[in-house]
Amino acid sequence: MKGAPCPRRWEIDAHREGRLGAKAVEDFRRHVRACADCRTQIGEDEALRQLARSLPDRAPEELPLRRLKARLLRDAALGAPAAVFDRRPMMAAAAVLAVAVGLTAWLLVAARTPPRAMAPRLAPAAAGRSLPEATAPPEALAGTVFASPLARWSQTRGQGIERVKLDEGTIRVHVRHQSSSERFLVFVPDGEIEVRGTTFDVTVEHGATSRVHVDEGVVELRVGDRATVRLAADETWIAPPLLPSASATRKTSRPPRPDVTAPRPPAPPAMPAVDRDADYASAIEKLRKGEYDEAAAAFHALAEASSSPWADDASFLEAVALSRAGRTDAAALVAERHLASFPASFHRKDASILVARAASRRGDCAKARTTMAPWMGASLEANVRTALGPCDASP
Amino acid sequence: MTAYPHAVRGRSTPDPELVLGVASGDLDALGELYTRYARDVWRAVLRVLPDGAHAEDIVHTTFMKLPEIAPSYDGRARCRNWLCGIGVRLALRHRRGSGRFRRMLQAFADVVVVRPSADPERKASNAQELAVLERALAKLGEKKRAVFVLVELEQLSTEEAAKALEIPPATVRTRLFHARQELQEALRKGAAK
């Protein structure tokens with residue numbers, strides 16, 4: 001039969017956490033040498049600790065982490081509220097149960113009540129008027145607006161038309177699908193945006209629309225005297241820049257980047273992240289157009305901003321742009337830095353190819369082969385073979 | 001030729017400085033803290049919510065709340081531990097909320113809560129013990145489990161866990177003691193089978 005536990009067991013944790021004084025530590029150690037119960041307990045605690053720490057790691061993969069980072073930075077920039085936990089399934093279950101119980105009760109009552117006793121549906125006073133007038137409740141809003149802290153905006157709805165007026169700042173709007181009799185309009189100082197059911201961001205700076213980005217659905221943008229622009233999901237409209245001075249043009253050969261050290265104008269914190277989205281789109285556009293040096297500089301600026309959800313991709317695309325510009329060694333250098341900065345990058349293999357290709361051209365076969373080692377199985381894939389070039393055959 | 005220095009701003013910045021940055025609305029600082037610790041917070045939250053539901057939303061909320069609560073960070077606890085503590089506390093709150101809701105539903109009608117079974121393909125050599133421990137951990141009361149996760153798995157000190165859960169350190173020790181007892185008992189029973 002097991003005896004009573006040692007009354008000094010509580011000192012085990014105190015000793016482990018360093019809460020005992022020097023004298024008490026010595027005293028406890030002497031006690032443990034003589035106390036089998038404490039020794040067993042220490043062993044069991046440690047075994048449990050080790051076992052618990054070898055439980056399977058349930059940490060998320062890289063992709064959900066990156067997706068959440070993008071969501072977090074976007075929401076933080078827009079000043080959106082923290083996530084509301086989705087209880088819709090439970091609410092739906094509750095609603096179904098409530099309806100079932102209600103229906104059963106009604107059926108029971110109805111079964112006992114003669115049909116003639118049922119009251120007319122309309123009160124006599126309302127009978128002469130049309131139903132909508134008689135019963136028109138205040139209309140529920142179709143759009144949900146998240147605004148940046150300093151944004152100036154308002155939202156009204158009447159007779160099936162909802163109007164959001166944005167004077168300054170950034171808002172993110174989610175609009176439920178509109179029926180054929182409904183309209184949803186966002187009025188900006190220099191135009192209007194019409195949507196049917198969508199989620200999008202719009203930014204107004206200094207009284208003019210500067211950017212519209214659509215996440216889902218379609219919006220129509222009518223700004224100033226320009227033709228109507230139709231934006232689909234993942235498309236961004238950016239206002240053309242005002243005519244810059246000659247000196248300003250020279251200074252901005254690289255895309256502007258928010259500088260946290262310099263005093264900022266009183267803009268909402270929405271701006272940095274929103275600007276980075278635009279910067280990224282602009283850098284991609286430069287790459288597509290073949291403006292490789294400008295694209296590399298733009299991607300470099302994005303890669304430097306740790307709050308940018310694009311930092312990983314931008315860092316790799318900087319290397320791609322340099323490679324396309326024919327600057328193989330510079331591309332390899334940037335690709336190496338990308339691999340060091342983002343060891344779990346999705347572009348790991350492609351970045352390695354850029355590094356290996358440059359090494360192979362320099363005749364540094366050892367480096368080329370080491371870089372491509374993770375992808376050198378029994379048979380080489382074509383792109384790995386190309387990256388190794390002459391080093392493929394060398395011992 | 002253009003030089004391309006690649007030192008990412010913030011990567012070498014100490015945590016307390018980043019927390020201060022977040023308090024003043026610096027998104028770069030928020031992004032950097034997320035990159036450093038989101039995985040740890042997510043893991044701790046998943047341990048507290050055995051079914052894993054809403055873990056992503058809880059991690060999101062943890063970091064979204066940072067600008068608001070950053071001024072309360074006194075720099076004494078490690079930032080990672082502080083964030084894990086916040087995540088676990090939010091997970092507990094969420095669990096209590098959804099628990100109340102489930103109880104309400106159960107009062108209405110019998111609701112069967114299906115829990116995912118343990119992974120059958122566990123590769124560790126002590127697979128059976130791990131499976132027993134995982135089940136026992138899932139059965140542990142939420143308060144005891146939160147303390148066990150923070151102290152034994154995430155390696156917070158008793159004081160850090162107490163601060164994170166807003167309870168006295170003595171309560172942390174008591175809950176930890178009972179959590180260990182229950183888990184060890186479960187392991188003993190598992191071994192005896």
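Every number here is computed from the coordinates shown, using simple stated rules; none is lab data. The shown structure was predicted, so the numbers you read here are calculated from the model rather than taken from an experiment. Note that we place each Cβ from the backbone using ideal geometry, even for glycine, and neighbour counts take in every protein chain shown.
Answer rounded, prolate or oblate for region A:143-238, using the Cα gyration tensor with square roots of eigenvalues a ≥ b ≥ c: rounded when a/c is under 1.5, else prolate when a/b is larger than b/c, else oblate.
In terms of gyration-tensor shape, rounded.
Shape call for region A:10-49 from the C-alpha gyration tensor, a ≥ b ≥ c root eigenvalues: rounded (a/c under 1.5), prolate (a/b greater than b/c) or oblate?
It comes out oblate by the Cα gyration axes.
List B:143, B:65 from most exposed to least, where exposure is judged by having the fewest other Cβ atoms within 10 Å.
B:65, B:143
By how many nm would the segment from residue A:361 to residue A:222 lengthen if fully extended, with 0.36 nm per residue of separation less the alpha-carbon distance?
Extra length available between residue A:361 and residue A:222 comes to 44.8 nm.
How much FRET efficiency would the formula 1/(1 + (r/R0)^6) give for residue A:58 and residue A:233, where r is the Cβ-Cβ distance and R0 is 45 Å, rounded to 0.05?
Approximately 0.90, to the nearest 0.05.
Other chains' Cβ within 10 Å of A:12-22 residues: what's the mean?
Per residue, the number of nearby Cβ atoms from other chains is 2 on average.
Under a plain spin-label model, where a point goes 7 Å from the Cα along Cα-to-Cβ, how far apart in nm are residue A:10 and residue A:183?
According to this spin-label approximation, the distance is 7.5 nm.
Order of A:170, A:236, A:198 from fewest to most other C-beta atoms within 10 Å?
In order of increasing Cβ crowding within 10 Å: A:236, A:198, A:170.
List the aspartates and glutamates whose alpha-carbon lies under 13 Å from that of residue A:367, not counting same-chain residues fewer than 8 positions away?
Reachable aspartates and glutamates: A:336, A:392.
Is there a quick way to get the dipole size of region A:10-49? I mean about its Cα centre, with the Cβ of Lys and Arg at +1 and of Asp and Glu at -1; what is the value in debye to the nearest 20?
The dipole magnitude comes to about 200 debye.
Which length gain, in nm to one decimal place, applies between residue A:215 and residue A:324 when the Cα-Cα distance is subtracted from 0.36 nm times their residue separation?
Stretched fully, the residue A:215-residue A:324 segment lengthens by 36.2 nm.
Please state the shape class of region A:321-395: rounded when a/c is under 1.5, otherwise prolate if a/b exceeds b/c and oblate if not, all from the C-alpha gyration tensor.
The shape class here is oblate.
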